[in-house]
Amino acid sequence: MTDPVSRPAGLTRRAALGAGAALPLAAVAAPLATPAAAQTVAAGLPHARTFKLGDMTVTTLLDGSMPREGVKDIFGVNVSAEDFADVAAANFIPADMAQFYFTPTLVDTGSELVLFDTGLGQGGIAKALAEAGSSTDAVDVVVLSHMHPDHIGGLMTDGQPTFANARYVTGRAEYDGWMATGSNGVTNLMAKNVEPLKEKITFIGDGASIAPGITALDAPGHTPGHIIFMVESAGAPLMLTADLANHYVFPFQNPDWHTSFDTDKEQASATRRRVFDMLAADRVPMIGYHMPFPAAGFVEARGDGFRFVPVSYQMMG
């Protein structure tokens with residue numbers, strides 16, 4: 001079954017988002033997870049969920065999932081333990097553990113299969129694609145929102161390109177920003193997974209067209225060149241928010257709370273607030289890389305923050 005995304009009113013993304021200039025990389029941000037740290041999804045759980053967007057088909061692909069402790073130190077860097085615990089309790093979740101999800105997205109434009117991010121590199125992306133009725137060889141374009149290991153980990157398999165027939169797209173500011181940092185966990189993985197593909201990479205900036213109906217938008221802060229993507233077909237929009245928020249509660253309800261994974265925490269908070277304002281005002285659905293699977297939902301303005309509203313039957317066909 002496929003699920004149509006209904007058309008919201010009055011999309012004003014360019015005015016709401018603005019064109020944020022990429023910032024110099026002040027410090028190497030700790031990636032969300034390294035490939036070795038991931039746990040595979042339990043057998044029997046779904047790895048793919050398909051929606052209909054106008055004339056396009058959008059499929060979320062669960063590459064993996066894992067629990068993580070120390071949640072306050074990740075999502076509440078600049079707040080008290082008491083305030084953090086209060087928000088957790090109000091949302092019926094523990095304050096000391098979170099379940100992380102890693103969800104690339106496949107967009108079938110009708111002429112190309114475009115994959116956004118590649119997962120951790122433990123084979124989950126191939127399994128999810130197979131469950132969706134596709135394969136790694138069928139992917140035409142691989143788009144990287146940023147260079148953290150849980151997004152570039154799946155680019156190579158046993159030293160060979162996972163997506164043998166694909167071309168690649170990523171942000172120039174993102175690539176250059178990391179390359180300027182010297183040797184670290186991110187650049188070392190880039191040397192293994194990104195550099196061998198460089199001749200097939202197209203480097204882009206804000207407003208670039210990935211394919212007809214798919215536009216890249218600067219969303220800096222998580223990393224200097226972090227990019228999100230507006231997908232539109234037959235008047236129906238959908239935002240792929242990548243790592244704009246790494247959890248479905250804390251960065252939404254309190255966008256000014258700092259997340260440890262964000263390179264420039266103040267910029268990340270400002271970007272979150274700007275994008276969430278637009279998504280809530282225009283009722284644009286979103287897919288977030290780390291949202292609970294199937295990672296799709298809506299943003300509701302609530303008080304001084306927001307609420308992530310997961311899909312239920314709104315998108316059923």
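Quick note: the coordinates plus some simple rules give every number you see, no bench work behind them. Just so you know, these numbers come straight off a predicted model, no measurement behind them. Glycine also receives a Cβ, built like all others from the backbone with ideal geometry; neighbour counts cover every protein chain displayed.
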### Message
Below 30 Å, Cα to Cα, which lysines can residue 127 reach? Residues fewer than 8 away in the same chain don't count.
### Response
52, 192, 198, 200
### Message
Residue by residue through the stretch 295-310, what is 3J(HN,Hα) from phi via Karplus (6.51 cos²θ - 1.76 cosθ + 1.60, θ = phi - 60°)? Round to whole Hz and write x for glycine and proline.
### Response
6, 10, x, 10, 10, 10, 6, 8, x, 8, x, 8, 9, 7, 10, x
### Message
Please compute the Kirkwood hydrodynamic radius of the stretch 90-151 from all pairs of different C-alpha atoms, in Å with one decimal.
### Response
13.3 Å
### Query
What Rg and what Dmax come out for the stretch 13-310 when only alpha-carbon atoms are used, in angstroms?
17.6, 52
### Message
What distance in nm separates the two pseudo spin-label positions at residue 209 and residue 195, each 7 Å out from Cα along the beta-carbon direction?
### Response
3.5 nm
### Query
About its Cα centre, what dipole magnitude does the chain give when the only charges are +1 on Lys and Arg Cβ and -1 on Asp and Glu Cβ, stated in debye to the nearest 20?
400 debye
### Task
Please order 125, 204 by the number of other Cβ within 10 Å, starting at the fewest.
204, 125
### Message
Give me the percent relative contact order of the stretch 205-250, please, defined on Cα pairs under 8 angstrom at least 6 residues apart.
### Response
25 percent
### Query
Per residue of the chain, what 222 nm ellipticity follows from adding -39500 (n - 2.57) for every DSSP H run with n ≥ 4, rounded to the nearest 500?
-6000 deg cm²/dmol
#### Entry: DSSP-assigned coil residues among chymotrypsin sites (Phe, Trp or Tyr not before Pro) in the stretch 48-105, each with at most 11 further Cβ atoms within 10 Å
92
